[in-house]
Every structure is written in C-alpha cells, then in structure tokens.
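> Input: one structure, supplied below.
The values are calculated or read from the model by the stated rules, or taken from the named source; none is laboratory data. No experiment lies behind these values; they were computed from the predicted model shown. In this analysis, Cβ positions are derived from the backbone assuming ideal geometry, glycine residues included, and neighbour counts consider all displayed protein chains. Just so you know, the surface numbers come from the protein's heavy atoms only, side chains and all, with ligands and any DNA or RNA stripped out. Shrake-Rupley method; radii C 1.70, N 1.55, O 1.52, S 1.80 Å.
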Amino acid sequence: MAIDAKKVIKNAWRITKDPELSCLRIRVPGGHLPVKYLSLIQEIADRYGNGTVHITTRQGFEIPGIPFKYMDEVNAMIEPILEGLEISKGVKIDDSTKGYPAAGTRNVCACIGERVCPKAAFDTTALAWEVERTIYPNDYHVKIAITGCPNDCVKAHTQDIGIIGQIEPVYEAAKCVGCRLCVKKCPAGALTWTGKEIVRDADRCIGCGDCADSCPKSALSRGGQYFRVVIMGRTGKKNPRMARTFLQWVDRDTVLKLCRNLYSFIDKYINKSLPKEHVGYIFDRTGLHTFKEEVLKGVTLSPKAKVVQHIEFGGYTYKQG
C-alpha cells in the first residue's frame with residue numbers, strides 16, 4: 001500500500017519496521033485517563049491491531065500492528081477520545097473524525113500531583129491540561145513535563161521545558177520551639193537557627209516544603225505556590241544533557257505564556273533548510289539572551305521571580321570537523 005509518510009506521522013501514526021503495519025499513538029495529557037476510554041482502546045487493539053497496547057515513556061498509549069488500510073476507520077473510532085479528552089478541555093481540532101491533526105508536540109507528561117501525593121505543591125493534571133490547551137495542536141517537536149515538587153518524579157530535567165512546583169514556606173516565630181528539626185530536614189541547607197529564630201536563605205531555598213512538613217508545632221507552613229522552570233534538557237544519542245534552571249518563583253500565568261511564546265521563538269529562529277531541528281539546538285545557536293527575549297514577551301514577572309543570567313550546560317561536548 002502506497003502511503004504518504006509525512007502525512008501518516010503528522011496524523012499520530014508510526015512508520016514501523018513492517019511496511020504494511022502501523023502503530024497509533026493516543027495522547028493522554030497529564031497521564032490521567034478516564035477509564036471509560038480503556039474499553040475503546042482495547043477494542044481497537046483486538047479488532048485492528050495485534051491485541052496488545054504499549055504504554056509509552058510519555059504516558060500515552062500506542063496500539064501496534066494496525067494495517068495502514070484501516071487508518072481512516074480507526075481515526076473515526078477514536079473520535080470519543082479526542083472529543084472527551086481534548087475538545088471538551090478547550091483544544092481546538094477542526095475535524096475530530098480524522099484523528100490527531102499534529103504529532104510534533106509530544107504528549108504533556110505529569111506526575112500524579114497533589115490529587116494523591118502529599119509532597120506535591122499543586123494539581124499537576126490540571127496544569128497539564130492548561131498547557132495542552134496552550135500548545136496543541138502544533139507540528140514543532142517539543143517535549144514538556146510537569147512535576148509537583150523538586151523530587152521531579154516525572155524527570156522534568158530531561159525535557160525541553162520542565163515545570164516544577166515550589167512552595168514558599170511561611171514562618172511564625174511565636175510557634176517555634178527551637179527544635180531545629182526543619183534545619184536538619186532542609187535538603188538545600190537554606191535554614192539556620194540564630195539562637196532565637198529560624199532564618200531562611202531565599203536564594204538557596206528550592207521550595208520543596210520539607211521544612212513545613214517536618215515542623216511539629218506548625219511554626220513553618222506551606223505558603224504561596226510557585227514554579228521553577230528548567231529548560232533545554234534532552235535525551236538522544238547525539239548530545240544528551242540535563243535541563244538547567246531558567247526561572248524560579250514564577251506564577252502560573254508566566255508558565256503558560258512561556259509555553260505559548262516558545263513556539264514563536266522556534267518559528268522565528270528554526271533552520272528551515274533542515275528536515276527537523278530540535279529546539280535545544282536552536283537555543284544553542286541563538287543563545288540565552290535571544291531565548292529570554294522571545295519567551296518572556298508579554299510576561300510581567302512578580303517581584304519574587306528570578307531569571308537566570310547565564311546557563312552552563314553539562315553533558316558531552318562534540319567538536320565540529
């Protein structure tokens with residue numbers, strides 16, 4: 001069967017090692033899926049595929065073993081998933097009977113967040129949906145992940161954009177008994193005991209909330225909720241590296257505007273002579289100053305917000321030539 005590979009891939013179908021078979025990708029933004037859709041996924045796998053489903057590293061599903069000739073039928077079958085998971089959440093898809101309109105921007109990953117985890121600073125699934133509404137559908141290859149606290153269970157540091165929850169601890173000296181348990185528990189060494197009270201070094205605090213969780217008298221409590229944004233992490237065989245901090249102590253609106261502006265940055269500076277250019281390499285070519293100028297357009301930072309002035313990435317370095 002003759003196929004248009006670019007069209008197939010854009011429609012969220014894979015080109016596989018078998019020229020007659022494909023593999024359908026199902027987006028699950030935030031990794032949270034109503035169970036009513038599982039029976040539909042099973043039906044597609046049994047009727048058209050090989051009876052199995054692969055759970056991807058990006059928290060979506062892939063249904064392998066589907067002949068290309070059934071693509072249109074399967075696209076029509078997944079309309080309830082697109083309607084239920086995307087259109088009702090504000091994602092605009094022109095015709096949901098034809099499957100996914102784009103696959104470049106990958107599924108937005110998220111840890112389980114405060115719906116379950118006591119460490120999480122916020123509802124990660126809800127933010128994942130807001131990000132999904134902001135960036136999808138889009139053809140540019142972008143990976144975004146959201147984690148509820150600095151434990152980073154979702155591995156935000158291996159993404160183009162990693163969003164990490166932070167909380168600002170609030171101290172009430174009148175309740176403090178000087179036990180210094182918070183000082184011992186702080187993983188960043190941001191707290192000291194003066195002999196009279198606890199002092200927090202705001203530059204060292206990572207916003208994990210461990211101090212508040214450990215205080216037996218509630219002298220430290222979880223205060224305002226903020227975000228740290230790390231950028232340009234990546235996996236891959238050419239030059240993998242960990243993301244580095246770009247913003248700290250920013251609000252939700254800033255995070256969403258940054259995600260939206262990221263696409264303007266890519267569109268403006270991507271090397272269109274190449275088949276594909278990863279956003280990390282665009283960043284490497286243009287530099288932090290240009291990136292910062294583009295992604296912070298229209299953003300009003302609060303007095304608490306911090307923006308880095310320099311980023312030094314680790315990882316491998318390859319010389320040209």
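> In the Gaussian network model of the chain, springs joining C-alpha atoms below 10 Å, which of Leu40, Leu274, Leu127 carries the largest mean-square fluctuation?
Maximum among the listed residues: Leu274.
> OK, next. As an exercise, identify the GluC sites (Glu not before Pro) in region 226-321 lying in DSSP coil whose Cβ has no more than 16 other Cβ atoms within 10 Å.
Values: sites: Glu277, Glu293, Glu294, Glu312; in loops: Glu277, Glu312.
The qualifying sites are Glu312.
> Ignoring ligands, DNA and RNA, what percent of the 1.4 Å accessible area of region 139-269 is carbon and sulfur?
Carbon plus sulfur share of accessible area: 50 percent.
> Can you work out the FRET efficiency for the pair Ala76 and His141, with r the C-beta to C-beta distance and R0 = 30 Å, to the nearest 0.05?
With R0 = 30 Å, the Cβ-Cβ based efficiency is 0.65.
> Something else now. Using +1 on the beta carbon of Lys and Arg, -1 on that of Asp and Glu, and nothing else charged, what's the dipole of region 209-277 about the Cα centre, debye to 20? Could the numbers behind the result be given before it?
Values: 14 positive and 6 negative charges, 84 e Å.
Taking the Cα centre of region 209-277 as origin, the dipole is about 400 debye.
> If you count only protein heavy atoms with a 1.4 Å probe, what accessible area per residue comes out for the chain, rounded to a whole Å²? Spell out each step's value before the answer.
Working: 16260 Å² over 321 residues.
Result: 51 Å² per residue.
> Let me ask something else. Contour minus end-to-end for Thr235 and Thr97, with contour as 0.36 nm per residue of separation and end-to-end as the Cα-Cα distance?
On the way: separation 138, 0.36 × 138 = 49.68 nm, distance 3.37 nm.
Contour length minus Cα-Cα distance gives 46.3 nm.
> Quick check: pseudo-label points 7 Å beyond the Cα along Cα→Cβ at Arg252 and Asp201, how many nm apart are they?
Spacing of the two 7 Å Cα→Cβ label points: 3.3 nm.
> What relative contact order, as a whole-number percentage, does region 1-147 give when Cα pairs under 8 Å and 6 or more residues apart are counted? Walk me through the numbers on the way to the answer.
Numbers: 259 pairs, mean separation 37.4, N = 147.
Once divided by the residue count of region 1-147, the mean separation gives 25 percent.
> Over region 132-257, how many pairs of lysines fall under 24 Å by alpha carbon, counting only those 8 or more apart in sequence or from different chains?
Close lysine pairs under the 24 Å cut-off: 17.
> I need the calculated FRET efficiency for the pair Arg47 and Lys268, taking r as the beta carbon distance and R₀ as 35 Å, to the nearest 0.05. Numbers along the way, then the final one.
Working: r = 45 Å, r/R0 = 1.28.
Working from the Cβ atoms, E equals 0.20.
> Let me ask another. Between the DSSP loop rule and a limit of at most 13 other Cβ atoms within 10 Å, which chymotrypsin sites (Phe, Trp or Tyr not before Pro) in region 30-101 are left?
On the way: sites: Tyr37, Tyr48, Phe61, Phe68, Tyr70; in loops: Tyr48.
Qualifying residues, ordered by number: none.
> Rounded to two decimal places and with Rh computed the Kirkwood way over Cα pairs, what is Rg over Rh for region 1-114?
Numbers: Rg = 13.5 Å, Rh = 14.4 Å.
So for region 1-114, dividing Rg by the Kirkwood Rh gives 0.94.
> State which helices in the chain qualify, where a helix is a whole DSSP H run, it must extend 27 Å or more along its own axis by its Cα atoms, and its mean Kyte-Doolittle hydropathy must be at least 0.0.
Once both thresholds are applied, nothing remains.
> Loop-only check: which trypsin sites (Lys or Arg not before Pro) in region 64-135 are DSSP coil with at most 11 other Cβ within 10 angstrom?
Numbers: sites: Lys69, Lys89, Lys92, Lys98, Arg106, Arg115, Lys119, Arg133; in loops: Lys92, Arg106, Lys119.
Here the sparse-neighbourhood loop sites are Lys92.
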